[in-house]
Amino acid sequence: MGQITLQGVHKSFGQLDIIKDANLDIEDGSFVVFVGPSGCGKTTLLRLIAGLEDVTGGRILIDGQNVVNVPPAKRGLSMVFQSYALYPHMSVRGNIAFGLKMAGLPRAEIDRKVAAAAATLNLTPYLDRKPRELSGGQRQRVAIGRAIVREPKAFLFDEPLSNLDAALRVQMRMEVTRLQKQLATTAVYVTHDQVEAMTMADRIVVLNAGRVEQYGSPLELYEQPANLFVAGFIGSPKMNFVSGPPADQLGAATIGIRPEHLRIAQEGEGWPGTVSVAEHLGSDTFLYVDGGALGLLTVRGIGEIHLKSGDRVWLSPDPARLHRFDKDGMAIRH
Amino acid sequence: MATQQTQVLARGLLTPAVALLLVWMIVPLAMTIYFSLLHYNLLDPGSEAFVGLENFRYFLTDPAFLASLQNTLVLVGSVLAITIVLGVPLALLLDQPVLGRSIVRLMVIAPFFVMPTVSALVWKNLLLHPVSGLLAWLSTLVGITPIDWFNDAPMTAIIMIVAWQWLPFATLILLTALQSQDEEQKEAAEMDGASALSTFLYLTLPHLARPITVVILIETIFLLTVFAEIFVTTGGGPGLQTTNIAFLIYSQALIQYDVGSASAGGLVAVVIANIIAFFLVRVVGRNLEA
Ligand SMILES: Nc1ncnc2c1ncn2[C@@H]1O[C@H](COP(=O)(O)OP(=O)(O)OP(=O)(O)O)[C@@H](O)[C@H]1O
Ligand SMILES: [Mg+2]
């Protein structure tokens, strides 16, 4: 079991309010990702759940029990740090076994569990090496091994893949997801990479300046962003925002349309503009269009589109995919 | 030093320094070797004569030699043990975020800046003196007869003084090492359910292995030649109880005016220091690798 509930959690460092009233319900076995810009409090929130920081107020429940005064080790969670934080003087075996040894498990059982974890993570040939004799990806796997071997109620990951190169990151992303599904253990995962968030998460928490902006499945966030911040943060390239007459017509202060929902239309249909930059990737074409009073609009077209800088285009937004926001930046639901 | 050119350049730039160091070492060493082969007594001028290894035989068979060798080892060993056994907990304490930490740190470091002669005098006259010393006053307060440290436990007294001087050094080095310890590793251990003691044993102590080695090596070099503290307090006595090799050589040269024998003693000391260094590097130097 690993159900985690945050009720009105807030955290200040001195005068500074870092986390403001966080309320979350993380279901048992789900994979929840915290995303947000740098410095928004993702790590802090994770450390609060882990117990490495004390809450300033509010309650954290694990399986219904308030744990704010419970020390980290007793919360039954395990954490994978961004720097991996492997114990440098111990072998891989020692690293993975440490938590079990501290828990006072019998030697034979420790050996069995370590061997099983090492086999799962393809670490068996490296068990007697020291961390400094491993590659980045292998260290990463040791850190994960150390987390899974204790059979925790939940895993906490703090940007575990950010030190890996792009190819390895994609591979580890799949491995972590597969492992989590296989173990069916709750996972809370911090990242600022929205591709990681969209691909790995069952549900995403979008944080901004210590506030939870939206909590929902990746597609919910993509299709129904709750406010301007989420709309702009989720999706790449970023959503286009237009204010002024086109927005007024729809009774909104701002309207948003994603680059992939703008269509190159016939002359006279939709919004006119001039292509300022065209990026041809083969599979996609990104057009950056100067829309005059509308500002710069990004268009994503599938396949090759034969347009170049200086060409005149007409852009037609897909009306079903338009997002409307009121003057406070909150989404107006139809 | 990746390229040929930088290697040549580096050698060229190092040459003057190395040459100077070489002259600096070779000249006194050569002179010492030369004197050690002569009969050369300041009370008997003009009688210098080549005597071969006679001075060495004399120095090594002197009953004072074995006694002072033993005293040297006891002094070095005890001070090393005390500074490390006390230095580790002291460094751990100073690493805690307490109010006024920087002032406390400064005060702990202070003894290291006191000249050995001065600290020996302070200990002799203000702290350990059987009549006017602080310890004597404290013992009379609780009704114990004050100990006359320099007569009844002279070696212990010397060890106390020298350890007091070197404790700050050990503490400082260990403290710096503690501050470089990775915070996340400790947090990982905390999540793994390690108690403070386990974290210390399994993480901090292995992390300190290298600085402890450095402390042992550096302190040994200086502790082999402790002199001022002995000179100021006990003068090597009573008897030979606090005479170490350095003090023995001094007494040969300047109390008995026997330059030849003192030079031989100096060379013996060099050999002993090398033997000790060899074993030390064998035993603890492993920690310095990678
Ligand atoms: N111990 C601390 N004392 C004071 N301020 C802190 C402390 N730890 C974090 N902060 C502040 O809290 C804010 C959130 O920090 P946090 O590390 O949670 O950000 P983050 O979302 O993880 O960012 P990143 O993506 O860059 O890792 C930052 O503004 C940071 O300066
Ligand atoms: Mg962070």
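What follows is calculated from the coordinates using simple rules that are stated; it is not laboratory data. Just so it is clear, the structure is predicted and the values come from calculations on it, not from any experiment. Ideal geometry is used to build each Cβ from the backbone, glycine not excepted, and the neighbour counts take in all protein chains shown.
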Check: What net charge do the residues around A:Val70 carry, taking every other residue with its C-beta under 13 Å from that of A:Val70, with Lys and Arg at +1 and Asp and Glu at -1?
Finding: +1
Checklist line | Dimensionless Rg/Rh of segment A:247-334 - Kirkwood Rh, Rg from C-alpha atoms | finding: 1.00
Notebook entry, point to check: Nearest 10 degrees, 0 to 90: what angle lies between the long axis of helix A:136-148 and the longest principal axis of chain A (Cα atoms)?
Noted result: 60 degrees
Next item on the list: State to the nearest 20 debye the size of the charge dipole of the protein assembly as shown about its Cα centre, where the only charges are +1 on K and R beta carbons and -1 on D and E beta carbons.
Entry: 700 debye
Next item on the list: Would you kindly work out the equivalent ellipsoid of segment A:187-334 from its C-alpha gyration tensor and give its semi-axes, the square roots of five times the eigenvalues, largest first in whole Å?
Entry: 28, 20, 12
Check: Among A:Gln194, A:Gln249, A:Gln214, which one shows the biggest mean-square fluctuation in a GNM of chain A, springs joining Cα atoms closer than 10 Å?
Finding: A:Gln249
Next item on the list: Mind giving me the nanometre distance, one decimal, between the label points for A:Asp111 and A:Val195, set 7 Å out from Cα along Cα→Cβ?
Entry: 4.4 nm
Margin query: Less than 15 Å Cβ to Cβ from B:Val162, Lys/Arg counted +1 and Asp/Glu -1: what total charge do the surrounding residues give?
Written below: -1
Next item on the list: Write down the percent of antiparallel bridges among all DSSP beta bridges whose residues are both part of chain A, to the nearest 5.
Entry: 75 percent
Note to self: Counting C-alpha atoms alone, how compact is segment B:16-289: give Rg to one decimal and Dmax as a whole number, in angstrom.
What the structure shows: 22.7, 79
Notebook entry, point to check: If only Cα atoms are counted, what is the Rg of segment A:159-252, and what is its Dmax, in Å?
Noted result: 16.1, 53
Note to self: Using only Cα atoms and rounding to the nearest 10 degrees, what angle (0 to 90) does helix A:166-183 make with the longest principal axis of chain A?
What the structure shows: 60 degrees
Check: For chain A, what value does the Rg/Rh ratio take when both radii are computed over Cα atoms and Rh is the Kirkwood radius, given to two decimals?
Finding: 1.06
Notebook entry, point to check: What percent of all Cα-Cα pairs in segment A:4-63 falls in each 10 Å bin, counting up from 0?
Noted result: 22, 58, 18, 1
Check: Over all distinct alpha-carbon pairs, what is the Kirkwood Rh of segment B:187-281 in angstrom?
Finding: 16.5 Å
Next item on the list: Would you be so kind as to identify all helices of chain B, as entire DSSP H runs, whose Cα atoms reach 15 Å or more along the helix's own axis and whose mean Kyte-Doolittle hydropathy is at least -1.0?
Entry: B:4-36, B:63-94, B:154-179, B:205-223, B:259-284
Check: DSSP loop trypsin sites (Lys or Arg not before Pro) in segment A:195-287 with at most 15 other Cβ atoms within 10 Å of their Cβ, which ones?
Finding: A:Lys238
Notebook entry, point to check: What's the center-to-center distance, using Cα atoms, between segment B:225-290 and segment B:163-206 in Å?
Noted result: 34 Å
Check: Between the DSSP loop rule and a limit of at most 13 other Cβ atoms within 10 Å, which GluC sites (Glu not before Pro) in segment B:200-290 are left?
Finding: B:Glu289
Next item on the list: Convert 20 °C to kelvin, take the viscosity as 1.002 mPa s, use the Kirkwood radius over C-alpha pairs of the protein assembly as shown as Rh, and evaluate the Stokes-Einstein diffusion coefficient in µm²/s, rounded to a whole number.
Entry: 68 µm²/s
Note to self: What does the net charge come to around A:Gly235 if you take all other residues with beta carbon closer than 12 Å to its beta carbon, with K and R at +1 and D and E at -1?
What the structure shows: +2
Check: At what distance in nm do the modelled label points of B:Leu197 and A:Ala166 sit from each other, each positioned 7 Å from its Cα along Cα→Cβ?
Finding: 5.3 nm
Next item on the list: Write down the Kirkwood hydrodynamic radius of segment A:50-95, to one decimal in angstroms, obtained as one divided by the mean of 1/r over all alpha carbon pairs.
Entry: 12.7 Å
Item checked: Helix A:107-120 axis, angle to chain A major axis (alpha carbon atoms, nearest 10°) -> 30 degrees
